[in-house]
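Q: Have a look at this one.
The values are calculated or read from the model by the stated rules, or taken from the named source; none is laboratory data. Everything numeric here is computed off the predicted structure, so don't read it as measured data. Neighbour counts run over all protein chains shown; Cβ positions are idealised from the backbone, glycine included.
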Amino acid sequence: MADSYFPRWRVAERGADRVVAPDERLPWPQMVAMGVQHVVAMFGSTVLAPLLMGFDPNLCIFMSGIGTLLFFVLVGGRVPSYLGSSFAFIGLVIAVTGYGGSGMNANIPLALGGIIACGLAYGVIGLIVSAIGTRWIETLMPPVVTGAIVAVIGLNLAPIAVKGVSASTFDSVMALLTVLCVGGVAVFARGMMQRLLILIGLLIAYAIYAVVANGLGLGKPIDFSIVGHAAWFGVPHFTAPVFDPHAMLLLAPVAVILVAENLGHIKAVSAMTGHNLDRYVGRAFIGDALATIVSGSAGGTGVTTYAENIGVMAVTRIYSTLVFAVAALIAIVLGFSPKFGALISTIPGPVLGGVSIVVFGLIAVTGARIWVVNRVDFSDNRNLIVAAVTLVLGAGDFSLKLGGFALGGIGTATFGAILLHALLRREKEPGPVV
């Protein structure tokens, strides 16, 4: 297997509790089911991020599939990851385009040029890492930093999920019921049902909501008419970029956030699988960069490896990279179907919010897992301060504005973690004089 570019993906041995390694696969029906679950896991963020920036969600789903396949090919099918819309771009895209917060963004082309510039900067970093290795970047971003950044992503997204289900007591109760559905499947189900906990939990909660709202009239009913009126097939709406120097300069530094995010995700996957993936880091950066460039060229958002899907892997213990190729193909097909977009839009906000609470929580815990596996020493005050400050900056969405440049909570936390770790460095104390 070492002499081939792609793994040969042997079929995993039977056993409900058995870990499925990156170079293994399940029987094809189960592979498709797992692919669907990963699409469900990424869907909330991959749709939410473009909506917050005024992009076309269906196009972004399509580009997430294209980007994931590009990534899969460039890393030789060795790194299990799904690429979806990045939240790191939101604040800067809104600043560049002047987006008002509803409907389509009329100035998307300006943002696209900046997204492409970010992808190019990201690709340069990937080429450097491929040429000279990861030691320099690991010095800048050791486990205490990457773990904090991954945890911050989950914590920073948490308010989005919580606020979305706090409009009424009914919404809050349904969100908590969804959490219980997912948790119940995770704890009490067995075999493949347990591994499909996100998908099955969502379907159970959806059915309960339909009975309570549409049947008993206790909440906002689901409108199924939009599904009937939507076409089965439709080409996504592509948009050409405009290369404005100001927008490009503002968005290019987001590459640093994507590097930290991707490195943290790779470290997390390495820890979970027991496979050392360091030699693929450069190629992973280049793959993510190329996916971002291609997405920006077509009218999509910048993309990043998704911690949501890492959270799914952590629970299911299925790390097969081939699952992500299947998920990517499903996303591409769905991107061509307005009817699918309409069907997904019928998922009630409280149900999607409840699933998001679970998934975003799993992201935060994945960051903590990086600390545990790498035995980060929190008796060292340097590590303690770096982690503590980073978590609060990210969870509190601490924004920094310098002139026309704005950095959101995830960006501030990322740069803050890197700078704090560098500034608080101290020379080793000299040994006793004898």
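Q: Condition (residue is in a loop (DSSP other than H, G, I, E, B), in contact with an Asp or Glu (Cβ under 9 Å, 6 or more places away or on another chain) and charged (D, E, K, R)) applied to the range 73-90: is it met by at least one residue? Spell out the reasoning first.
A: Pass one, the range 73-90, residues in a loop (DSSP other than H, G, I, E, B): 75-82, 86.
Those still in the list that are in contact with an Asp or Glu (Cβ under 9 Å, 6 or more places away or on another chain) too: 77-78, 81-82, 86.
Add one more test, that the residue is charged (D, E, K, R), and what stays is 78.
Scanning the range 73-90 turns up at least one residue that is in a loop (DSSP other than H, G, I, E, B), in contact with an Asp or Glu (Cβ under 9 Å, 6 or more places away or on another chain) and charged (D, E, K, R).
Q: Right, another one. List the number of the failed condition for Leu249; all other conditions in (1) in contact with a Gly (Cβ under 9 Å, 6 or more places away or on another chain); (2) within 16 Å of Tyr82 (Cα to Cα); (3) not small (Gly, Ala, Ser) hold.
A: Failed condition: (2).
Q: Just the residues that are more than 19 Å from the chain's Cα centre (by Cα), in contact (Cβ under 8 Å) with a residue 60 or more places away in the chain and not in a helix (DSSP H, G or I), please, taken from the range 262-292.
A: Passing the criteria: only His275.
Q: Just a yes or no: is a residue in the range 33-45 in contact (Cβ under 8 Å) with a residue 40 or more places away in the chain and more than 26 Å from His275 (Cβ to Cβ)? Give the derivation first.
A: Narrowing the range 33-45 to residues in contact (Cβ under 8 Å) with a residue 40 or more places away in the chain: 33-45.
Filter once more, keeping what is more than 26 Å from His275 (Cβ to Cβ): 43-44.
The answer is yes, given that some residue of the range 33-45 is in contact (Cβ under 8 Å) with a residue 40 or more places away in the chain and more than 26 Å from His275 (Cβ to Cβ).
Q: In the set Leu197, Leu176, which member is at pLDDT 80 or above and among the aliphatic types (A, V, I, L, M)? Give the derivation first.
A: Working: Leu197 fails: at pLDDT 80 or above.
Within the list Leu197, Leu176, the selection yields Leu176.
Q: Considering only residues that are charged (D, E, K, R) and touching a strand residue (DSSP E or B) at 6+ places or on another chain (Cβ under 9 Å), look in the range 274-324 and name the one that is farthest from Asn374 (Cα to Cα).
A: The residue in question is Asp288.
Q: Please go through (1) touching a residue at least 12 places away in the same chain (Cβ under 8 Å); (2) closer than 24 Å to Val359 by Cα for Val212 and return the number of the only condition it doesn't satisfy.
A: (2)
Q: Report, by residue number, each residue of the range 286-333 that is closer than 27 Å to Ile125 by Cα, of a type in the set (A, V, I, L, M) and at pLDDT 90 or above.
A: Listed by number, the residues that qualify are Ile286, Ala289, Leu290, Ala291, Ile293, Val294, Ala298, Val303, Leu322, Ala325, Ala328.
Q: Any residue that is more than 26 Å from Asp397 (Cα to Cα) and surrounded by fewer than 24 Cβ atoms within 10 Å (Cβ to Cβ) - is there at least one of those in the range 77-90?
A: yes
Q: Now a separate question. Regarding the range 299-318, can at least one residue be identified that is surrounded by fewer than 24 Cβ atoms within 10 Å (Cβ to Cβ), among the polar types (S, T, N, Q) and either more than 19 Å from the chain's Cα centre (by Cα) or assigned to a loop (DSSP other than H, G, I, E, B) (or both)?
A: no
Q: Please state which of the following conditions Lys163 fails to meet, knowing it meets all the rest: (1) of a type outside the set (S, T, N, Q); (2) crowded, with 17+ Cβ neighbours inside 10 Å; (3) under 30 Å from Ile108 (Cα atoms).
A: Every condition holds for Lys163 apart from (2).
Q: How many residues, within the range 209-261, are in a loop (DSSP other than H, G, I, E, B) and among the small types (Gly, Ala, Ser)?
A: Residues flagged as in a loop (DSSP other than H, G, I, E, B) and among the small types (Gly, Ala, Ser) within the range 209-261 amount to 7.
Q: Only residues that are in contact with a Leu (Cβ under 8 Å, 6 or more places away or on another chain) and either in a helix (DSSP H, G or I) or surrounded by fewer than 16 Cβ atoms within 10 Å (Cβ to Cβ) (or both): list them for the range 182-201, please.
A: Scanning the range 182-201 gives Val182, Val185, Ala186.
Q: Within the set of pairs 6 or more residues apart or between chains, which connect a residue that is without any contact (Cβ under 8 Å) to a residue 24 or more places away in the chain inside the range 313-336 to a residue that is of a type in the set (S, T, N, Q) and surrounded by 23 or more Cβ atoms within 10 Å (Cβ to Cβ) with Cβ atoms less than 9 Å apart?
A: Filtered contacts from the range 313-336: no entries.
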